[in-house]
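The values are calculated or read from the model by the stated rules, or taken from the named source; none is laboratory data. This is a predicted model, so every value here is computed, not measured. So basically every Cβ, Gly included, is an ideal-geometry build from the backbone, and we count neighbours across all protein chains shown. Remember, those area values only see protein heavy atoms, side chains included, never the ligands or the DNA or RNA. Shrake-Rupley method; radii C 1.70, N 1.55, O 1.52, S 1.80 Å.
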There are 2 protein chains.
Amino acid sequence: MSLNHNHQRCIDDAMAMARHRCSERGARLTPIRADILKLIWASHQPVGAYDLLESLSARSERRSTPPTVYRALDFLLEQGLIHRIASLNAFVGCNDPGHGHSGHFLICKDCNNATELLADGIGTAIQSAARQQDFTIDSQSVEIVGRCKHCAGQND
Amino acid sequence: MSLNHNHQRCIDDAMAMARHRCSERGARLTPIRADILKLIWASHQPVGAYDLLESLSARSERRSTPPTVYRALDFLLEQGLIHRIASLNAFVGCNDPGHGHSGHFLICKDCNNATELLADGIGTAIQSAARQQDFTIDSQSVEIVGRCKHCAGQND
DNA sequence: GGTTTAATGTTATAATATTGCATTAACCGA
DNA sequence: TCGGTTAATGCAATATTATAACATTAAACC
């Protein structure tokens, strides 16, 4: 990422959306939770829980512990504000909480950016395949690993 | 699973396929690797590495250690004989090594069976979405969690 | 204000996975 | 078939990710 996009805008938008969504649902975006969300949105690269733990400990004088982070993560997942990338054991902000909340990602193995796919085609294909087997979907995760446009451009 | 399917046949087929594929590729399906593969094929439910470790230790007198299991798993993954289900930290046999090796699964949260989807629609949709963003795919993982036909029939 | 519930702090530990190095087994050319 | 080379396994330690259990503090609400 970093090219032709103002990332502060991403962060601001995400935080505004999060505040709105939480107030709407009567959920409390406490300081810790907001901190974790901000740290996740610091980039478009999925971040591990223990990295968040380090950053969180760095920004407040008090040393945080794993449960603090995991509880905040659980909350953010419940509210649909972040996604967990299972193949990386890492977390990334959700661009569009609410919108079906699909969780389909392109993950670049070079720059590590995880781009959420908002195209409907994949979800539709999955639903139709599942229906053919009378399978009722709870959640779907699609994690596509490869190389993004930008990194493919680099010589390697 | 277990209903209307002879599972011994699954195991035998899988082992035969594995032997064939390995000899074809000049890879060695050693006793440990074959044992692990057999243990994975003992059911259609993804199995964790430490469960495999237990079973392996049980069947030979000698107590095995994690690297033994993980090395065998790495080998089997490389040969395309098994899949890793990231959302479960578990491993399951591949029905059709060779065939694009997609790794698309329906995972029933009740019976835990993981059924590989061999329909092409999903892969095609993913490829087209990736192409639109000039993303080059290395590997794709699709993990759909929900309830299978059989378990939906049960009252719960 | 006092009660209830939600959130956080704290310690310990579980579950999953890897590193590094020693040893043994298989392969392969002479 | 011997000896050298590579691949596979044994083994001990440790890294990484995640959770359990219980105490304490803060917020919400009447």
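Chain pair B, A: how much accessible area is buried, both chains summed, with a 1.4 Å probe, in Å² to 100? If you can, show how the numbers build up before the last one.
Details: alone 9580 and 9580 Å², together 16580 Å².
The contact between A and B buries close to 2600 Å².
With chain A treated as a Gaussian network of Cα nodes joined by springs under 10 Å, which of A:GLU143, A:GLU78, A:GLU116 yields the largest mean-square fluctuation?
It is A:GLU78.
Considering Cα pairs under 8 angstrom that are at least six residues apart, work out the relative contact order of chain A and quote it in whole percent. Show your work: numbers first, answer last.
Values: 168 pairs, mean separation 30.4, N = 156.
Here the relative contact order equals 19 percent.
To the nearest 20 debye, what is the magnitude of the charge dipole of segment B:7-93 about its Cα centre, counting +1 on the Cβ of each Lys and Arg and -1 on the Cβ of each Asp and Glu?
Details: 12 positive and 9 negative charges, 38 e Å.
Its charge dipole is roughly 180 debye.
Classify segment B:2-44 from the C-alpha gyration tensor, please: rounded if a/c falls under 1.5, else prolate or oblate depending on whether a/b exceeds b/c. Could you put the intermediate results ahead of the total?
Numbers: a/c = 3.97, a/b = 1.91, b/c = 2.08.
Cα axes put segment B:2-44 in the oblate bin.
Which residue, B:THR124, B:THR68, B:THR136, has the most motion in a Gaussian network model of chain B that connects Cα atoms within less than 10 Å?
B:THR136
Work out the charge dipole of chain A with +1 on the Cβ of Lys and Arg and -1 on the Cβ of Asp and Glu about the Cα centre, then indicate which of A:TYR50, A:CYS151, A:ALA114 is farthest towards its positive end.
Result: A:TYR50, furthest along the dipole toward the positive end.
Taking the label point as lying 7 angstrom from Cα along the Cα-to-Cβ axis, what are the distances from A:ASP110 to the corresponding position in the remaining copies, in ascending order and in nanometres?
With the label placed 7 Å along Cα→Cβ, A:ASP110 yields 4.7 nm.
Can you give the FRET efficiency for B:ASP12 and B:ASP96, using 1/(1 + (r/R0)^6), R0 = 22 Å, r = Cβ-Cβ distance, to the nearest 0.05? Display every interim value, and only then the final one.
Working: r = 16 Å, r/R0 = 0.71.
E(calc), rounded to 0.05, equals 0.90.
Can you give the charge dipole size of chain B about its Cα centre, rounded to the nearest 20 debye, using +1 on the beta carbon of Lys and Arg and -1 on the beta carbon of Asp and Glu?
Values: 16 positive and 17 negative charges, 79 e Å.
It comes to approximately 380 debye.
Taking each pair of distinct Cα atoms in the protein assembly as shown once, what is the resulting Kirkwood hydrodynamic radius in Å?
Working: mean 1/r = 0.0467 Å⁻¹.
Result for the protein assembly as shown stands at 21.4 Å.
Please compute, for the alpha-carbon atoms of segment B:1-90, the extent along each of the three principal axes and give them in descending order in Å.
Extents along the principal axes: 35, 33, 30 Å.
Answer with one residue from A:PRO66, B:ALA86, A:GLY93: the one whose Cα lies farthest towards the positive end of the charge dipole of the protein assembly as shown, charges on Cβ with Lys, Arg +1 and Asp, Glu -1.
Working it through, the farthest residue towards the positive pole turns out to be A:PRO66.
Counting heavy atoms of the protein chains only and a 1.4 Å probe, report the per residue accessible area for the protein assembly as shown as a whole number of Å². Kindly include the intermediate steps, with their values, before the conclusion.
Details: 16580 Å² over 312 residues.
Accessible area per residue: 53 Å².
When chain B is modelled as a GNM with alpha-carbon springs shorter than 10 Å, which of B:ILE137, B:ILE32, B:ILE126 fluctuates the most?
The residue with the greatest mean-square fluctuation here is B:ILE137.
Just to confirm my numbers, what's the Cα centroid distance between segment B:106-156 and segment B:1-66 in Å?
23 Å
Return the ratio Rg/(2.2 N^0.38 Å) for segment B:97-138, where Rg is computed over Cα atoms only.
Numbers: Rg = 12.8 Å, N = 42, 2.2 N^0.38 = 9.1 Å.
Dividing the Cα radius of gyration by 2.2 N^0.38 Å gives 1.41.
Once the label point is set 7 Å along the Cα-to-beta-carbon vector, what list of distances in nm do you get between A:ASP74 and its counterparts in the other copies?
Distances to the matching label points in the other copies: 3.4 nm.
Using only alpha carbon pairs under 8 Å that are at least six residues apart, calculate the relative contact order of segment B:104-153 and give it in whole percent.
On the way: 49 pairs, mean separation 27.2, N = 50.
Reported relative contact order: 54 percent.
Enter the per residue convex hull volume of chain B, computed from alpha-carbon coordinates, in Å³ rounded to the nearest integer.
Numbers: hull volume 21.6 nm³, N = 156.
Once divided by residue count, the hull of chain B is 139 Å³.
Give, rounded to the nearest 20 debye, the magnitude of the charge dipole that the protein assembly as shown has about its Cα centre when Lys and Arg contribute +1 at Cβ and Asp and Glu contribute -1 at Cβ. Walk me through the intermediate numbers first.
On the way: 32 positive and 34 negative charges, 107 e Å.
So the magnitude is around 520 debye.
Sorted from shortest, what are the nm distances separating the label point of A:ARG25 from equivalent points in the other copies, each placed 7 Å from Cα along Cα to C-beta?
Computed spacing set for this position: 4.2 nm.
Given a 1.4 angstrom probe, I'd like the percentage of the accessible area of segment A:7-153 that is carbon and sulfur, rounded to a whole number. Mind showing how you got there, number by number?
Values: 3450 of 7340 Å².
Roughly 47 percent of what the probe reaches on segment A:7-153 is carbon or sulfur.
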